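Undergrad: First, the structure itself, so that you have it in front of you.
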Amino acid sequence: MNQKRIGVLLSGCGVKDGTEIHEAVLTLLALDRAGAVAICMAPDKDKADVIDHVTDKTVAQKRNVLTESARIARGNISNLKDVDPELLDGLVIPGGFGAAKNLCNFATEGEKCVVDPEVTTLLRALHGQHKPIAALCIAPTVLAAVFGQDLHPTLTIGADPETAAKIEKMGAKHEPVEPTQIVIDTENGFVTTPCYMSAQSIDEIATGTEKAVNAMLSLCRIHAEV
């Protein structure tokens, strides 16, 4: 059986300034259980800020997104700029504020946000090759920023009206769903799920993440048959 090679785009380590660790680990687990190979990657850049996860205060430190992400990937990680989209079958973007701070600046700029150029290049290349992308939690804002104006994709971050309104201002359509549900935009090859935007337990995160990963892998198979 041909194993699917699925990129996992990380944005640091820790929910408040990087990747949400539960969502990342459960993504890796779901991929492994489905028989796929996870290819972890992250941009080599300074984090937008560093948050003390005990006090919730910003600290005067500089930390690197790639270096921090390597903690989650157990060191098995690639610099985003070196990743060849041709070698991937799909991509998953876990959430956490890093997606909205380090992959783009949605956390500070909202619907006027700008996406990291390397992230934009990867996402557009994958979409151009008809390869599916799953985005968890706040990460659908990255898809909205890159594709909203031309593709008008249907996405979800759950049921938060303020964030949903900003997604729609970027040109995407928002579909409110329950914490463990997913939204599949078959036409554009996008799968999204709320995760910690609305989930209250790690069990709900596991359910939503596994559904999203499996739906994304199903889209991979559809692409392979075309």
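The values are calculated or read from the model by the stated rules, or taken from the named source; none is laboratory data. The model shown is predicted, which means the values in this text are computed figures rather than measured ones. We place every Cβ from the backbone using ideal geometry, glycine too, and count neighbours over all the protein chains shown.
Undergrad: Please find, within the stretch 119-150, the residue that is surrounded by the most Cβ atoms within 10 Å (Cβ to Cβ) out of those that are among the polar types (S, T, N, Q) and more than 17 Å from Ile6 (Cβ to Cβ).
TA: Once the filter is applied, the top-ranked residue is Thr141.
Undergrad: Tally time: how many residues in the stretch 96-134 are in contact with a Ser or Thr (Cβ under 8 Å, 6 or more places away or on another chain), of a type outside the set (Gly, Ala, Ser) and not in a strand (DSSP E or B)?
TA: Residues flagged as in contact with a Ser or Thr (Cβ under 8 Å, 6 or more places away or on another chain), of a type outside the set (Gly, Ala, Ser) and not in a strand (DSSP E or B) within the stretch 96-134 amount to 5.
Undergrad: For the stretch 189-212: of the residues being hydrophobic (A, V, I, L, M, F, W, C) and closer than 14 Å to Ala99 by Cβ, which is surrounded by the fewest Cβ atoms within 10 Å (Cβ to Cβ)? Steps first, answer last, please.
TA: Residues of the stretch 189-212 that are hydrophobic (A, V, I, L, M, F, W, C), as a first pass: 190-191, 195, 197, 199, 202, 205-206, 212.
Add one more test, that the residue is closer than 14 Å to Ala99 by Cβ, and what stays is 195, 197.
Details: Cys195: 31, Met197: 20.
Filtering first and then ranking leaves Met197.
Undergrad: Additional query: Quick one: Ala60 ticks every box in (1) surrounded by 15 or more Cβ atoms within 10 Å (Cβ to Cβ); (2) in a loop (DSSP other than H, G, I, E, B) except a single one, so which number is it?
TA: With (1) surrounded by 15 or more Cβ atoms within 10 Å (Cβ to Cβ); (2) in a loop (DSSP other than H, G, I, E, B) applied to Ala60, the lone miss is (1).
Undergrad: Within the group Asp46, Asp32, which residue is surrounded by fewer than 16 Cβ atoms within 10 Å (Cβ to Cβ), more than 17 Å from the chain's Cα centre (by Cα) and over 30 Å from Gln3 (Cβ atoms)?
TA: Numbers: Asp32 fails: over 30 Å from Gln3 (Cβ atoms).
Just one listed residue meets the conditions, Asp46.
Undergrad: Consider Leu217 against the criteria (1) free of Cβ contacts under 8 Å to residues at least 40 places away in the same chain; (2) part of a helix (DSSP H, G or I): it satisfies all of them except one. Which criterion is unmet?
TA: (1)
Undergrad: Further question on the same structure: Tally the residues that are without any contact (Cβ under 8 Å) to a residue 12 or more places away in the chain and in contact with a His (Cβ under 7 Å, 6 or more places away or on another chain), restricting the search to the stretch 13-45.
TA: Counting residues in the stretch 13-45 that are without any contact (Cβ under 8 Å) to a residue 12 or more places away in the chain and in contact with a His (Cβ under 7 Å, 6 or more places away or on another chain) gives 0.
Undergrad: Can you name every residue in the stretch 1-26 that is assigned to a loop (DSSP other than H, G, I, E, B) and surrounded by 24 or more Cβ atoms within 10 Å (Cβ to Cβ)?
TA: Result: Leu10, Ser11, Gly12, Cys13, Asp17, Gly18, Thr19, Glu20.
Undergrad: With the requirement that a residue be assigned to a helix (DSSP H, G or I) and in contact (Cβ under 8 Å) with a residue 24 or more places away in the chain, what does the stretch 141-164 give you?
TA: Thr141, Val142, Leu143, Ala144, Ala145, Val146, Phe147, Gly148, Leu151, Thr163
Undergrad: Looking for something in contact with a helix residue (DSSP H, G or I) (Cβ under 8 Å, 6 or more places away or on another chain) and touching a residue at least 60 places away in the same chain (Cβ under 8 Å) - is there at least one such residue anywhere in the stretch 50-70?
TA: no
Undergrad: Tell me, which residue of the stretch 24-51 that is over 24 Å from Lys81 (Cβ atoms) and touching a strand residue (DSSP E or B) at 6+ places or on another chain (Cβ under 8 Å) is modelled with the lowest pLDDT?
TA: Checked the stretch 24-51; the qualifying residue modelled with the lowest pLDDT is Ile51.
Undergrad: Give me a count of the residues in the stretch 63-78 that are closer than 12 Å to Val8 by Cα, outside any helix (DSSP H, G or I) and not hydrophobic (A, V, I, L, M, F, W, C).
TA: The qualifying residues number 2.
Undergrad: Next question, about the same structure. Check off (1) modelled with pLDDT under 95; (2) surrounded by fewer than 17 Cβ atoms within 10 Å (Cβ to Cβ) for Asn76 and give me the number that stays unchecked.
TA: For Asn76, the failing item is (1).
Undergrad: How many of the residues making up the stretch 188-203 are over 13 Å from the mean Cα position of the chain (by Cα), touching a residue at least 12 places away in the same chain (Cβ under 8 Å) and part of a loop (DSSP other than H, G, I, E, B)?
TA: Counting residues in the stretch 188-203 that are over 13 Å from the mean Cα position of the chain (by Cα), touching a residue at least 12 places away in the same chain (Cβ under 8 Å) and part of a loop (DSSP other than H, G, I, E, B) gives 5.
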